[in-house]
């Protein structure tokens, strides 16, 4: 039985996709491989594999112990992807960015959730052969399509209009997520209900906090900010919505999109290059807020177009199923343990 120790504080701050991805993986491993893997969390014990999900300084120091075994790092962000998320003044921002890369370089192997990050890590001096792409996934037992009757019931339960088109966005309320564009679309479409599920996970450190907090506290009549909600509530909101819209400027492999796919909810995204390698063709693309407005009008007026993206969402959810990814993670850990024995 392989001894795997997870080092993570990803679930300590609510409303993060990193935390959702970590919890999904932990649930998968414990339910599927309880006899093959002995998994502990934040225990400084002798291990075959130590998998670092977050980059805490105490975790960095722990990598110098021989007890850690094979050290695996999860790359959820790079310095450039943090721009627009956190407001860190210089010189601290520069120091922090250097620390991020130093942490990744302490690892024996890295896992990325988007293949476009492999050449970017190589540019920082990390060989491509030390990086593996494994996509995120969500639990279909929680995130799955519901009947039209259940959809109406959820709208009633959530206090949403029964007869209006509903657009859902989710994630931290911050500039990087494109929340200002979401707000603009709500103001331009008073006959459509907009809902943003998420809050200020990092409080005043959030980039654009003051301006966004002003709108969150006094939103347009057709825009609802739920604050940070549970995973079950996110599933309910996806099934109550007609369209999931994420106008984010920078992502890796957003859990929120996979959650929408798994519920069969049509998806519109700002058309970022990094999406093309993983979910190209599965979402309605829009290059900016003006095109989002044009596409939104088309989707509201054309049920067939909306149904097309519903079908694409279902197809994508099968591609990133937990059944497939369970085998991928089993093979990955087994191989890494063997590498550790050889080194």
Checklist line | Cβ-derived FRET efficiency at R0 41 Å, residue 217 paired with residue 324, nearest 0.05 | finding: 0.45
Checklist line | Within a Gaussian network of the chain (alpha carbon springs, distance under 10 Å), most fluctuating of 302, 271, 139 | finding: 302
Notebook entry, point to check: Relative to the longest principal axis of the chain, what angle (0 to 90°, nearest 10) does the C-alpha long axis of helix 148-158 take?
Noted result: 90
Next item on the list: Using Cα pairs closer than 8 Å and at least 6 residues apart in sequence, work out the relative contact order for the chain, in percent.
Entry: 18
Next item on the list: Give me the percent of DSSP beta bridges within the chain that run antiparallel, rounded to the nearest 5.
Entry: 5
Next item on the list: Pairs of Cα atoms under 8 Å, at least six residues apart: use those to get the relative contact order of region 222-312, whole percent.
Entry: 25
Next item on the list: Multiply the residue gap between residue 80 and residue 36 by 0.36 nm, knock off their C-alpha separation, and tell me the result in nm, one decimal place.
Entry: 12.1 nm
Check: Where does each of 93, 312, 270 land when they are ranked from fewest to most other beta-carbon atoms within 10 angstrom?
Finding: 93, 312, 270
Note to self: Under 10 Å, Cα contacts only: if you run a Gaussian network model on the chain, which one of 61, 269, 168 comes out with the highest mean-square fluctuation?
What the structure shows: 61
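Report the gain in length on full extension from residue 339 to residue 184: 0.36 nm times residue separation, minus Cα-Cα distance, nm rounded to one decimal.
On the way: separation 155, 0.36 × 155 = 55.80 nm, distance 5.14 nm.
The residue 339-residue 184 span can extend by a further 50.7 nm.
Would you kindly work out the equivalent ellipsoid of the chain from its C-alpha gyration tensor and give its semi-axes, the square roots of five times the eigenvalues, largest first in whole Å?
After scaling each eigenvalue by five and taking roots: 36, 23, 18 Å.
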Next item on the list: Between residue 331 and residue 61, with labels modelled 7 Å along Cα→Cβ, what's the label distance in nm to one decimal, could you check?
Entry: 3.9
Next item on the list: Distance between Cα centroids, region 223-281 to region 47-79: provide it in whole Å.
Entry: 29
Notebook entry, point to check: Helix 231-240 sits at what angle to the longest principal axis of the chain, using alpha carbons and giving 0 to 90 degrees rounded to 10?
Noted result: 30
Margin query: With bins 5 Å wide starting at 0, give me the P(r) of region 148-319 over every alpha carbon pair, in whole percents.
Written below: 1, 9, 19, 23, 23, 16, 7, 2, 0
Check: For region 1-132, what's the relative contact order in percent, using C-alpha pairs closer than 8 Å and at least 6 residues apart?
Finding: 22
Margin query: Using a 7 Å offset from the Cα along the Cα-to-Cβ direction at both residue 314 and residue 249, what is the distance between the two label points in nm, to one decimal?
Written below: 3.7
Check: To the nearest 10 degrees, how steep is helix 322-342 against the longest Cα principal axis of the chain, on a 0 to 90 scale?
Finding: 20
Margin query: Expected output is a single nm value to one decimal: the length gained when fully extending between residue 99 and residue 157, i.e. 0.36 nm times separation in residues minus the C-alpha distance. What is it?
Written below: 16.3 nm
Check: For residue 302 and residue 130, what does the FRET efficiency come to when R0 = 35 Å and r is the distance between their Cβ atoms, rounded to the nearest 0.05?
Finding: 0.15
Note to self: Using Cα springs under 10 Å in a Gaussian network model of the chain, which residue among 111, 257, 41 shows the largest mean-square fluctuation?
What the structure shows: 41
Notebook entry, point to check: If each of residue 294 and residue 45 carries a label point 7 Å out from its Cα toward its Cβ, how far apart are those two points in nm?
Noted result: 5.8
Check: How much mean residue ellipticity at 222 nm does the chain get from its helices, if each DSSP H run of length 4 or more adds -39500 (n - 2.57) and you divide by all residues, to the nearest 500 deg cm²/dmol?
Finding: -13500 deg cm²/dmol
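Values in this text are rule-based calculations from the coordinates and carry no lab data. What you see is a predicted model; the values in this text were computed from it and never measured. Positions of Cβ are backbone-derived with ideal geometry, glycine not excepted, and every protein chain shown enters the neighbour counts.
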